[in-house]
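A.B. asks: Have a look at the structure that comes next, please.
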Protein chains: 2
Amino acid sequence: MKKLINKPEDVVVEELQGVALAHPDLVKVFYDPTYVLRANAPIKGKVGLISGGGSGHEPMHGGFVGYGMLDAACPGAVFTSPTPDQMLEATKAVNGGAGVLHIVKNYTGDIMNFEMAAELARAEGIEVESVVTDDDVAVQDSLWTAGRRGVGSTVLAEKVCGAAAEQRRSLKEVADVCRKVKAWGRSMGMALTSCTVPHVGKPTFDLPEDEMEIGIGIHGEPGRTRMKLKTADEITEMLMEPVLNDLPYKAGEEVLLFVNGMGGTPPIELYIVYRKAHEIATKHGLKVVRNLVGPYITSLEMAGASITLLKMDDDLLKLWDAPVKTPGLRWGV
Amino acid sequence: MKKLINKPEDVVVEELQGVALAHPDLVKVFYDPTYVLRANAPIKGKVGLISGGGSGHEPMHGGFVGYGMLDAACPGAVFTSPTPDQMLEATKAVNGGAGVLHIVKNYTGDIMNFEMAAELARAEGIEVESVVTDDDVAVQDSLWTAGRRGVGSTVLAEKVCGAAAEQRRSLKEVADVCRKVKAWGRSMGMALTSCTVPHVGKPTFDLPEDEMEIGIGIHGEPGRTRMKLKTADEITEMLMEPVLNDLPYKAGEEVLLFVNGMGGTPPIELYIVYRKAHEIATKHGLKVVRNLVGPYITSLEMAGASITLLKMDDDLLKLWDAPVKTPGLRWGV
């Protein structure tokens, strides 16, 4: 295992210490229980936004805490759900009196623990809504998931819901934005290589030198199929086709096209995929009005990419364009 | 070779087509000869800023074209210098009448070709200054370089010089900012793995599973030493010690600390390195007043990191904080 780490069991804590040292203007980090809090939280009258999940997907979620996005993130161990006490403490810490939205990726552990935390927070008088993202069209049910997995749409939901909360929309209104992203976003990913969880010390799965896996999950969960490596254009078609046909996206609609890197794939390759995905979307009659290209929801050092399409309307466009300033995503502030 | 590409010889052109499709608000791409131009260039009365070099280091340089940074970037083939005609056309395209600054990383091919382009541009009546970055303290002379290699400081130079040019400083003044970064910036890098140039098809060098290379260049050029893999803290010490002692940086000085990923190393590891680098700088008596953590000058999918220290003064601080909006680096606009 070749990694820039000290002891495998210290990876998350030491990473968070680095985040705290690098971004004191944006975030504060607490360790018992562990959560990343927006530096100026709680903000009176603003809906608090929380997400969380296993570590190893950075910059998601801790890198998305700050102005215009999340108020707190709860990181678990690598690829392991955080615990209810983390989510409860974070919920209390971001509560500015307007309620708290939990944005939860559809993994059984995350759902169960966020539900428990929501119950406990409600018992303390905090209004909590939860929206579960489940945009991955690759497989129905999976390792650790009943139903579809929550992947790339989560990043987009955190961005637009964060903007809606900054506008002081109500909890129901911010949750409605999240439900719209859940309804209108679809994703699919693929891997060229596996990745190694530090405390495991060996690759999560084996993938022969001439093979790839289509439809893989962000923890290396099995996808749809393994096959011989193909060209970027062929791979992009294999990802776009099921995404386009699932909602389905109709000619004339406006979309955001998000090409996400799984961690080990450099920008040069992501833009080659973007080029083809843009062409396919355009041929399908869609108008690509916004985009995001880069590693935003990753699987450690896994090589590969995922594609997310999100249907846009005027409100989502404005929320997407609103300023954001976080360690991992920033513009306009 | 596992990459999301089509034909190896099309990698750079197809990447640039993707960049053009994704960022038409920020850049235009020309292909004969090849350069990435700021969408609203030339800007009358503003010094034009150009850099360039082999591809494979993205987001540098094409990802840094836009408001507050470069006016054009000239990408060569992967790890191969661009040609003088690219630089000449880019120089003419960004010339707004206030002269053009070439920011050149110290590699023999880059230097030679930028010099030729500068001569040709001057012959056409364009005032051109060149500053060569050479911040890598690892080795004196190297494969493709006489003297020190230009690495991480180049990113910082492009940011602060871009801000200075936006303020409508003169060519000499913008070049002076670049010379200050050259004088005050020092870097050193290391690799855990090699990388594969697409048109070569096999790794640039071999590095056994339990070894790393300290002082490596951004094209995989040999560094100072190969040794058994050590902990992140030990590696960070090995990078920081020669950087700190080279200038040398003195107690009480303010610095920017830049922890750069080589491409294949995820954020979780970069922040572990940042944590230790910040601690070492602080123990040395330095005040870390700004930072940058992420993959900004990369070597394709190489795993590893580099550390750059830049001494700061009030002017550099203001220039660093100024808004920037490019595909690869953006804040405040």
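The values are calculated or read from the model by the stated rules, or taken from the named source; none is laboratory data. Just so we're clear, the structure is a prediction, and the values are computed from it rather than from any experiment. Backbone-built Cβ (ideal geometry, glycine too); neighbour counts: all protein chains shown. Surface areas here come from the heavy atoms of the whole protein model, side chains and all, with no ligands, DNA or RNA. Shrake-Rupley method; radii C 1.70, N 1.55, O 1.52, S 1.80 Å.
A.B. asks: Take the range B:14-33 and flag every residue that is in contact (Cβ under 8 Å) with a residue 40 or more places away in the chain and either over 30 Å from B:Q167 (Cβ atoms) or touching a Phe, Trp or Tyr at 6+ places or on another chain (Cβ under 8 Å) (or both).
C.D. replies: B:E15, B:L16, B:V19, B:A22, B:L26, B:P33
A.B. asks: When only residues in the range B:241-286 that are at the interface with chain A (Cβ under 7 Å from one of its Cβ atoms) and without any contact (Cβ under 8 Å) to a residue 24 or more places away in the chain count, which is surrounded by the fewest Cβ atoms within 10 Å (Cβ to Cβ)?
C.D. replies: Step by step, filter the range B:241-286, then rank; the result is B:H278.
A.B. asks: Of all the residues that make up the range A:32-58, how many are within 11 Å of chain B (Cβ to nearest Cβ) and open to solvent by less than 10 Å² (accessible area, probe 1.4 Å)?
C.D. replies: 3
A.B. asks: Got a number for residues in the range B:295-314 being within 12 Å of B:G217 (Cβ to Cβ) and surrounded by fewer than 24 Cβ atoms within 10 Å (Cβ to Cβ)?
C.D. replies: The total comes to 0.
A.B. asks: Could you tell me how many of the residues in the range B:261-286 are of a type in the set (S, T, N, Q) and under 19 Å from A:M60 (Cα atoms)?
C.D. replies: 1
A.B. asks: Consider B:V29 against the criteria (1) more than 12 Å from every other protein chain (Cβ to nearest Cβ); (2) surrounded by 20 or more Cβ atoms within 10 Å (Cβ to Cβ): it satisfies all of them except one. Which criterion is unmet?
C.D. replies: (1)
A.B. asks: Mind counting the residues in the range B:169-192 that are within 30 Å of B:E9 (Cα to Cα) and either touching a Pro at 6+ places or on another chain (Cβ under 8 Å) or away from chain A (no Cβ under 14 Å) (or both)?
C.D. replies: Pass one, the range B:169-192, residues within 30 Å of B:E9 (Cα to Cα): B:189-192.
Now restrict to residues that are either touching a Pro at 6+ places or on another chain (Cβ under 8 Å) or away from chain A (no Cβ under 14 Å) (or both): none.
The total comes to 0.
A.B. asks: Could you tell me whether any residue of the range A:141-150 is at pLDDT 95 or above and of a type in the set (A, V, I, L, M, F, W, C)?
C.D. replies: no
A.B. asks: Give the residue that is farthest from the other protein chains (Cβ to nearest Cβ), with candidates limited to residues of the range A:287-333 that are among the basic types (K, R) and more than 16 Å from A:G63 (Cα to Cα).
C.D. replies: A:K311
A.B. asks: A follow-up question, please. Anything in the range A:1-13 that is without any contact (Cβ under 8 Å) to a residue 24 or more places away in the chain and either open to solvent by 20 Å² or more (accessible area, probe 1.4 Å) or more than 7 Å from chain B (Cβ to nearest Cβ) (or both)? List them, or say none.
C.D. replies: Passing the criteria: A:K2, A:N6, A:K7, A:D10, A:V13.
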